[in-house]
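Notes to accompany the following structure.
The values are calculated or read from the model by the stated rules, or taken from the named source; none is laboratory data. Every value quoted in this text rests on a predicted model; they were computed, and no experiment measured them. Cβ placement follows ideal geometry from the backbone for every residue including glycine, while neighbour counts extend to all protein chains displayed.
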Amino acid sequence: MNGEHKITSGHRARTALVYLRQSTLVQVREHTESTMRQYALADVAVSLGWAPGDVEVIDRDLGLSGTSAAHRAGFRELMSRVCLGEVGAVIGLEVSRLARSNADLARLAEMARLTGTLLIDSDGVYDLSDFNDWLVLGLKSTMSQAELHVMAGRLQAAKLAAAERGDLRAPLPVGLVYDDEGEVVIDPDAEVSAAVADVFSCFAAAGSAYGVVAAFAGRKFPQRAYGGAWAGQLRWGPLTHHRVLQVLKNPAYAGAYVHGRHVTRKRVDADGNVRTSTAEVPRAEWKVLIKDHHPGYVTWDEYLAVEARLQANWTASGARTVREGSALCQGIIYCGSCGGPMVANYQGGDRANYECHSRRDGKKARHCRGISVTALDDAVARVLLDALTPEQVALALAAADQVAGQHQRASRAAELAAERARYDADRAERAFSQVEPENRLVARTLEARWEARLAALAEAEQALESARAALPPLPGRDTLARTAADLPVLWHAPTTTARDRKRLLRTLIADVTLMPEADQAKARIGIRWHAGTADQLIIDRPRSSGIPAPTPPPAVELIRRLGPSTRNDDLVAILRQHGYLTGAGRPFDVKAVQWARRVYGVPVPSPVAAGEISVKDAAAALGCSIGVVYYWIEAGLLEARRQGSRLCIPWNPVIQADCRARIAESGHLNPAARRTRPRKTPRCPAEQPQMSAPPGII
Ligand SMILES: [Zn+2]
């Protein structure tokens with residue numbers, strides 16, 4: 001062998017490791033020669049001078065891809081033993097392919113260099129401490145990477161070219177098959193194609209993928225197995241939500257040929273391992289899209305409509321779907337003040353309000369207001385029913401056709417299942433009749449199979465019977481036309497669910513906005529129709545029970561005019577004379593007048609008569625505090641008249657002059673007087689402040 005002289009007794013004294021690798025199980029199964037050659041490497045080690053007992057084979061990585069060492073326990077074991085220095089040589093079929101990743105091989109080469117381990121392959125012996133060997137190994141590793149890259153590039157380019165012509169054959173979803181000429185056609189098995197078609201029609205009726213799942217309850221859906229023991233076979237199983245989405249989103253059912261709908265992405269997880277996952281690619285980034293490539297179950301436009309509907313159902317993305325609640329405009333009502341969505345807030349019983357969501361978020365604008373659900377819904381429903389009138393007949397017919405279609409579909413599935421069971425039974429019978437009577441073993445098996453098929457047929461026919469019996473009788477077309485002619489009755493019927501109403505509403509109305517309105521008792525509602533037009537209506541806001549009704553405008557006008565100069569009891573008399581009632585419909589009393597004054601900001605008349613002055617005004621005129629004036633009145637120094645809770649002081653220039661003189665003499669009120677003229681008489685108890693004046697003022 002090339003470079004055999006590099007092997008020393010020191011190397012031979014340590015273990016020789018034979019490392020075996022094969023990328024996939026298919027290679028292990030089909031390329032047995034390569035595997036045999038790899039196992040034969042143990043003999044090579046013996047021929048190079050290692051004792052047979054010192055040669056070990058690591059074959060744990062057979063069938064595992066070499067792209068990364070993370071999942072290859074064998075390679076990890078190899079590395080650790082090389083690091084421990086107990087390995088004299090690592091033997092592989094092709095050393096540069098020991099690891100597909102350059103990094104893994106570089107690490108192995110570095111460790112082998114440090115521990116004096118040889119790497120041996122069919123080309124020769126590499127001593128990594130020798131610069132030439134190290135360089136050759138590095139070059140070989142780079143070359144193998146480049147080879148892989150070129151190979152993959154060529155394969156991918158050829159694949160894409162075929163895909164661009166629409167010729168690259170990919171596994172077809174159930175319901176579509178390749179015919180003898182390799183063209184894509186709808187599955188000739190009517191049971192399969194009916195099931196796929198029903199997924200689309202059920203989605204059109206129910207409007208959601210979960211609705212389709214519910215419609216398929218108790219009915220099975222076909223699935224074609226790819227690979228494995230069941231390859232190519234049709235398996236029937238329950239229809240799951242995930243399967244419904246797969247069917248609805250698959251453009252193949254719309255007759256389109258698509259390449260590049262999914263992409264594999266790699267990421268490094270927390271443990272440093274590379275993980276591969278598959279992700280959907282947005283439609284705009286599909287590499288190949290050929291419309292009308294083959295017959296489909298829906299048109300391309302219908303496919304786009306389904307996609308839009310699914311998007312609208314996707315609440316995680318912020319979509320607001322139809323919910324069970326009774327609030328009709330849920331999901332389509334917006335606040336006209338801040339532009340945010342409004343949500344229905346159910347408060348128990350029949351009470352519910354639409355509230356601006358910003359209020360909950362604490363970002364409420366100044367004019368954001370809520371409104372009672374009943375008031376708004378009634379107004380919107382009225383507008384909707386008015387708009388529907390000319391279309392009643394068309395709606396009635398469409399509804400009738402849809403119900404009839406649903407009935408047909410429900411029993412057709414059972415019919416098809418029964419037909420298939422009949423065919424299977426016939427075939428089993430034919431097989432049994434064709435077998436030679438002498439061949440008893442085969443005849444017995446076939447007879448048992450025939451019996452099983454007959455039992456299945458009986459079961460399918462039974463299921464068909466019960467499916468037909470379970471269908472409620474269809475109402476006559478006349479009845480339907482009559483019901484639909486009176487749509488308001490249908491709208492309010494207890495059998496019509498909130499969901500139905502909301503769906504109907506959303507077919508015509510795009511959104512509803514609660515506009516800002518200056519009048520607190522009114523609400524302005526904007527309605528935008530799908531047709532592109534918009535309407536505005538103003539409704540009265542309902543009063544909640546806790547808030548008193550507003551006073552009738554004539555009474556308010558009178559209170560505003562006379563209030564500032566008329567006392568409450570006089571005002572009550574005048575209001576009663578005019579026959580005015582309060583907002584609640586009761587005759588006015590003092591309390592009602594007081595309430596009206598507070599609500600409409602009407603001041604009470606001043607109790608101070610002509611020639612009189614209030615305490616506050618007197619204090620202002622004298623330039624002293626009101627406490628001083630109160631003290632004088634209390635001490636009898638100043639005359640005053642009590643009017644209700646107010647004090648009215650008769651006022652003229654003489655009284656004012658007296659007061660000023662009193663201030664000028666007071667040592668407390670006039671510091672100048674205190675400095676020049678000391679107090680003549682000792683302070684007596686009578687002069688002590690006795691009223692509200694705080695100590696220290698006088
Ligand atoms: Zn708002």
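Couple of notes before you dig in:
- Scan of region 518-538 for residues that are in contact (Cβ under 8 Å) with a residue 24 or more places away in the chain and out of contact with any Asp or Glu (no Cβ under 8 Å at 6 or more places or on another chain), ordered by number: ILE525, ASP535, LEU537
- Among the residues of region 605-619, none qualifies, meaning not one is polar (S, T, N, Q), assigned to a loop (DSSP other than H, G, I, E, B) and farther than 24 Å from ARG567 by Cβ.
- Number of positions in region 306-321 that are surrounded by 11 or more Cβ atoms within 10 Å (Cβ to Cβ), at pLDDT 85 or above and over 16 Å from VAL212 (Cα atoms): 0
- Exactly one residue out of LEU388, LEU376, LEU384 is away from the ligand (no atom under 16 Å from the Cβ) and either of a type in the set (Asp, Glu) or modelled with pLDDT of 80 or more (or both), and it is LEU384.
- Some residue of region 545-554 being touching a His at 6+ places or on another chain (Cβ under 9 Å) and modelled with pLDDT under 85: yes
- ALA225, sole failed condition from (1) among the aliphatic types (A, V, I, L, M); (2) within 18 Å of ALA195 (Cβ to Cβ); (3) touching a residue at least 60 places away in the same chain (Cβ under 8 Å); (4) out of contact with any helix residue (DSSP H, G or I) (no Cβ under 7 Å at 6 or more places or on another chain): (3)
- Only residues that are in a loop (DSSP other than H, G, I, E, B) and closer than 28 Å to ALA161 by Cα were counted in region 263-293, giving 7.
- Restricted to region 205-220, and to residues there that are of a type in the set (A, V, I, L, M, F, W, C) and in contact (Cβ under 8 Å) with a residue 40 or more places away in the chain, the residue that is surrounded by the fewest Cβ atoms within 10 Å (Cβ to Cβ) is ALA205.
- If you go through region 342-373 and keep only what is away from the ligand (no atom under 14 Å from the Cβ) and either at pLDDT 85 or above or buried (at least 19 other Cβ atoms within 10 Å of the Cβ) (or both), you end up with ALA344, ALA352, SER372, VAL373.
- Scanning region 81-122 for residues that are among the polar types (S, T, N, Q) and at pLDDT 90 or above yields THR115, THR117.
- Residue list for region 294-305, filter: under 27 Å from LEU160 (Cβ atoms), assigned to a helix (DSSP H, G or I) and in contact (Cβ under 8 Å) with a residue 12 or more places away in the chain: TRP300, TYR303
- Of the residues in region 236-252, at least one is of a type in the set (Val, Ile, Thr), over 30 Å from ALA103 (Cβ atoms) and touching a residue at least 40 places away in the same chain (Cβ under 8 Å).
- The residues of region 618-638 that are farther than 19 Å from GLY667 by Cα and without any contact (Cβ under 8 Å) to a residue 12 or more places away in the chain, listed by number, are ALA620, GLY636.
- Unmet requirement for VAL629, which otherwise passes all of (1) modelled with pLDDT under 85; (2) surrounded by 13 or more Cβ atoms within 10 Å (Cβ to Cβ); (3) outside any loop (DSSP other than H, G, I, E, B): (1)
- Selection status of VAL602, in a loop (DSSP other than H, G, I, E, B), under 60 Å from the mean Cα position of the chain (by Cα) and surrounded by 15 or more Cβ atoms within 10 Å (Cβ to Cβ): yes
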